[in-house]
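Let me begin by presenting the structure, written as structure tokens, before commenting on it.
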Amino acid sequence: MLTVDVDEVVLPVYAGHLYGNGVLLPPLLGPGTFAADPASGTVVIPPGAVAGAVFIPERAGGFCCGLDGRDGPNLACAGCGQPVATRVDDCSLWQEVRFEPDAVRHVRTARDSPADAGGASLHWSSVADPNVDDLPGPAWHAEPGAWCPRWELSAGAVLAHVVAAAEGRPVGVPDGLLTTMLVPALRNLVPGSGSVPATPAAPAMPGAPGLRGPDVRADAPVEVPSAPDLPILAVAGPGLPDADPGPRRRIDLVPRHPRTGQAWQPPSGGRAVPVETDVWRYLAFGRHTAMPWWPASGNLPDGVARDHPQPARPTRPFRPGWQVFLATFARLPEAREPHLAALAERVRRRPYAYFP
């Protein structure tokens, strides 16, 4: 055995993508999990799940201060000495161990059978859990003022689907956290897009006042699409009430199942944009609203920030991952349309003109 017992999960959309410069990133996957990468045929696990493997000293090359596998597989089976996997632990790279396609095989255990036969873990009940206290949220606690790398990179994939679903028309984004995440880049990708007031079909995002970054400022007005036939983004999925879109076409942000990778399908049959599960759950159920800082004496009223440590609040601009955007966009059928193919080429040549 080269691993401990692990459960299969879907590979994150940002797997294999760099983040920042010299950033120390955590493991790509959670403890006790593995994911298959269909593009390369490899199997990815977190570093802590390795068992029975040793380093190959002469293959310790890296990009910066660690290992990135540039010299080939750098882990060998402790029993036979055959190279079997690559340990990645370097600046701006997700920590992982990636097994070679022909070096290992999946050995099922008793813990595999209930879920893989269609048990509870393959249903949507865990995704619909409104308790989000276990989620890290959009703020990155490892670096004060920063956004979570998983959120920024995931947003690149969301934007790719939104641009494809927009059909060239400006998109309305409900005011709040989604505006901060998507509007600065979306205005460049689909001109005329912007924030819209909350409606029953697209309610305001929870926690919006405390999580608005400097992307959307009073001195940078956001265009508000008003035509009734223009699409509007909305968060939809298990555990949320069905909303009447009214006269406007909705583009639904739905969860991507953590085990199967399938996107939840809206009952209306509308366009569904898959979102990483943890990000979607926070968007759907988070209630981390901002508290005003009021100087006061005596007993403070409810809803006013006290002296005890407050939840982390990002202060930097939110920057969706443009590389994830391009990689996701290239896999969509709409990417072959001439005007969208031209847009992708412009983004590839000048990414920071579209992703400020």
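The values are calculated or read from the model by the stated rules, or taken from the named source; none is laboratory data. This one's a predicted model, so the numbers in the text were calculated from it and none came from an experiment. Methodologically, a virtual Cβ is constructed for each residue, glycine included, from the backbone with ideal geometry; neighbour enumeration extends over all protein chains shown.
Being at pLDDT 90 or above, over 28 Å from His17 (Cα atoms) and surrounded by 14 or more Cβ atoms within 10 Å (Cβ to Cβ), is that true of even one residue in region 87-99?
Of all residues in region 87-99, those at pLDDT 90 or above come to 87-99.
Pick out the ones that are also over 28 Å from His17 (Cα atoms) and you get none.
There is no residue in region 87-99 that is at pLDDT 90 or above, over 28 Å from His17 (Cα atoms) and surrounded by 14 or more Cβ atoms within 10 Å (Cβ to Cβ).
Take Tyr14 and decide whether it is in contact with a helix residue (DSSP H, G or I) (Cβ under 6 Å, 6 or more places away or on another chain) and farther than 17 Å from Gly261 by Cα.
On the way: in contact with a helix residue (DSSP H, G or I) (Cβ under 6 Å, 6 or more places away or on another chain): yes; farther than 17 Å from Gly261 by Cα: no.
Spelling it out, it is not the case that Tyr14 is in contact with a helix residue (DSSP H, G or I) (Cβ under 6 Å, 6 or more places away or on another chain) and farther than 17 Å from Gly261 by Cα.
Closer than 21 Å to Arg271 by Cα, more than 19 Å from the chain's Cα centre (by Cα) and either at pLDDT 70 or above or of a type in the set (Ser, Thr, Tyr) (or both): does that describe Glu345? Don't jump to the end; show me each part of the working.
On the way: closer than 21 Å to Arg271 by Cα: no; more than 19 Å from the chain's Cα centre (by Cα): yes; either at pLDDT 70 or above or of a type in the set (Ser, Thr, Tyr) (or both): yes.
So Glu345 fails the test.
Quick one: Met181 ticks every box in (1) modelled with pLDDT under 90; (2) touching a strand residue (DSSP E or B) at 6+ places or on another chain (Cβ under 9 Å) bar one, so which box is it?
(1)
Which residue is surrounded by the fewest Cβ atoms within 10 Å (Cβ to Cβ), if the candidates are limited to region 1-24 and must be of a type in the set (Ser, Thr, Tyr) and in a loop (DSSP other than H, G, I, E, B)? Lay out the reasoning, then the answer.
At the first step, the residues of region 1-24 found to be of a type in the set (Ser, Thr, Tyr) are 3, 14, 19.
Okay, now just the ones that are also in a loop (DSSP other than H, G, I, E, B), so 14, 19.
Details: Tyr14: 25, Tyr19: 19.
Result: Tyr19.
Looking at region 119-172, which of the residues that are over 17 Å from Pro314 (Cβ atoms) and charged (D, E, K, R) is modelled with the highest pLDDT?
Only one residue tops the list, namely Arg169.
Condition first: in contact with a strand residue (DSSP E or B) (Cβ under 9 Å, 6 or more places away or on another chain), polar (S, T, N, Q), under 25 Å from Trp322 (Cβ atoms) and not assigned by TED's automatic domain parsing to the domain that holds Val275. Can you find one or more residues in region 83-92 that meet it? Give the steps one after another, and end with the answer.
Going residue by residue through region 83-92, those that are in contact with a strand residue (DSSP E or B) (Cβ under 9 Å, 6 or more places away or on another chain) are 83-90.
Cutting the leftovers down to polar (S, T, N, Q) gives us 86.
Still in the list and also under 25 Å from Trp322 (Cβ atoms): none.
No: zero hits.
Could you list all residues from region 38-72 that are assigned to a loop (DSSP other than H, G, I, E, B) and farther than 13 Å from Asp89 by Cα?
Narrowing region 38-72 to residues assigned to a loop (DSSP other than H, G, I, E, B): 38-41, 46, 51-52, 56, 60-66, 68-72.
Across region 38-72, the qualifying residues are Pro38, Ala39, Ser40, Gly41, Ala51, Gly52, Ile56, Asp71, Gly72.
Between residues in region 329-343 that are more than 16 Å from Leu159 (Cβ to Cβ) and residues that are in a loop (DSSP other than H, G, I, E, B) and at pLDDT below 95, which pairs lie under 9 Å by C-beta distance while being six or more apart or on different chains?
His339/Gly168
Would you confirm whether or not region 256-274 contains a residue that is outside the structural domain of Phe34 (by TED's automatic domain parsing), modelled with pLDDT of 75 or more, hydroxyl-bearing (Ser, Thr, Tyr) and not in a loop (DSSP other than H, G, I, E, B)?
No, region 256-274 contains no residue that is outside the structural domain of Phe34 (by TED's automatic domain parsing), modelled with pLDDT of 75 or more, hydroxyl-bearing (Ser, Thr, Tyr) and not in a loop (DSSP other than H, G, I, E, B).
Just one of (1) part of a strand (DSSP E or B); (2) at pLDDT below 95 trips up His106, so point out which.
Going through (1) part of a strand (DSSP E or B); (2) at pLDDT below 95 one by one, His106 breaks only (1).
From (1) free of Cβ contacts under 8 Å to residues at least 40 places away in the same chain; (2) touching a Pro at 6+ places or on another chain (Cβ under 8 Å); (3) under 26 Å from Val273 (Cβ atoms), pick out the condition that doesn't hold for Tyr19.
(1)
Take the residues of region 25-37 that are free of Cβ contacts under 8 Å to residues at least 60 places away in the same chain and part of a loop (DSSP other than H, G, I, E, B): which is surrounded by the most Cβ atoms within 10 Å (Cβ to Cβ)?
Gly32
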